[in-house]
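The values are calculated or read from the model by the stated rules, or taken from the named source; none is laboratory data. The structure displayed is predicted, hence computed values, not measured ones. Note that each Cβ is placed from the backbone with ideal geometry, even for glycine, and that neighbours are counted across all protein chains shown. Note: areas computed on protein heavy atoms with side chains; ligands, DNA, RNA excluded. Shrake-Rupley method; radii C 1.70, N 1.55, O 1.52, S 1.80 Å.
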Amino acid sequence: MKRLGLSLFIFALTACGGSSSGGTNADSGNAGGDQGGGDQSGGSAQAIDCSADKSERSWMPVPEYAGSYSAYEGDYSTLPNGGGLDPENFVGIAQLSIVLMVSNSEEGMMHPGPRWTSVDAQLTQYLDYSHNAEGETWTFTKHGVDGDGTEFNQHVNFKLEQPASCGYNEYHYEDDGSLASVFKSSKYEWTMKTYDAGTQTGLIETEIQPDRSGRTVSQDFESSSDYPVTIMSWDKNGENILLEYCKTAEGSDCVSSTAP
């Protein structure tokens, strides 16, 4: 979701960071897990190579996009919440967030990690990197008091994951620790779930075919509309785009129009 990707980017611009967490209790709303999990032996060599050409080796561990590119490159604004969810863009924003955090850290760009720290007045922010056989994790945490007077106690703000299978996942948390959103992707599909106070409010699912044609289904669980589901499909050229407004995610009882 564009809004959440942007929030991650803004968080990085303010030199935010995170505290290590070995596991992710993904859909439970709990940002916990074993603190300091995974192999954090000091060197920041990339644990796995998920670059598309299997040649990219960064001195700083960053997630890489290895998914299937969609043929559609247009505007997703016609979908609820702008929900096109291009994982390539998500990964790019995550890479930039990590680089900005590290470059603005107390330790500096040449520090090998696995932790980087940023201090601004009474607020200390961390980025922790860990990896093991299951993949890599980047966790952004804040501790102290921010400019609005909100107090945080080792609060996990968001977490990024690159599984050994080379998918890409994001978990965002509210200030009270509840889950705000989960984004999960693999080569040919990706999903975004949004939450409010522990209740799921939305679901966006995209599938890309080997020929790069695809289909996105967006559901707004809070909508009062007679057609709370938006379905968008496109062909292998990213054309013949069809928007359908439906009563169900299965595509029943729909009104449709061709997207401009």
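Tabulated data for the structure shown
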| item | result |
| --- | --- |
| Cβ crowding within 10 Å averaged over residues, with 92-100, 175-183, 107-115 ranked highest first | 92-100, 175-183, 107-115 |
| Residue-wise HN-Hα coupling along segment 147-154, computed from phi with Karplus coefficients 6.51, -1.76, 1.60 (Hz; x: Gly, Pro) | x, 8, x, 7, 9, 10, 10, 6 |
| Nonlocal amide H pairs with GLY135, under 5 Å, H built at 1.01 Å | ALA164 |
| Gyration tensor (alpha-carbon) shape descriptor, segment 126-226, a/c threshold 1.5 | oblate |
| Per principal axis, descending, Cα span of segment 167-210 in whole Å | 41, 18, 8 |
| Ranked packing of 184-191, 213-220, most packed first, by mean Cβ within 10 Å | 213-220, 184-191 |
| Prolate/oblate/rounded label for segment 181-260 (Cα gyration tensor, a/c 1.5) | oblate |
| Residue-normalised accessible area of segment 70-199, given per residue in Å² at a 1.4 Å probe | 42 Å² |
| Area accessible to solvent at LYS236, 1.4 Å probe radius, in Å² | 120 Å² |
| More than 12 angstrom apart: percent of Cα pairs within segment 138-178 | 62 percent |
| Kirkwood Rh and Cα Rg combined as Rg/Rh, segment 205-252 | 1.04 |
| Exposure of VAL145 as accessible area (Å², to 10), given a probe of 1.4 Å and all protein chains | 40 Å² |
| Surface share of carbon and sulfur [accessible, 1.4 angstrom probe, percent] for segment 162-260 | 43 percent |
| Taking the C-alpha atoms of segment 112-174, convex hull volume expressed per residue in Å³ | 83 Å³ |
| Inter-part distance where segment 167-221 and segment 234-260 are each reduced to a Cα centre, Å | 19 Å |
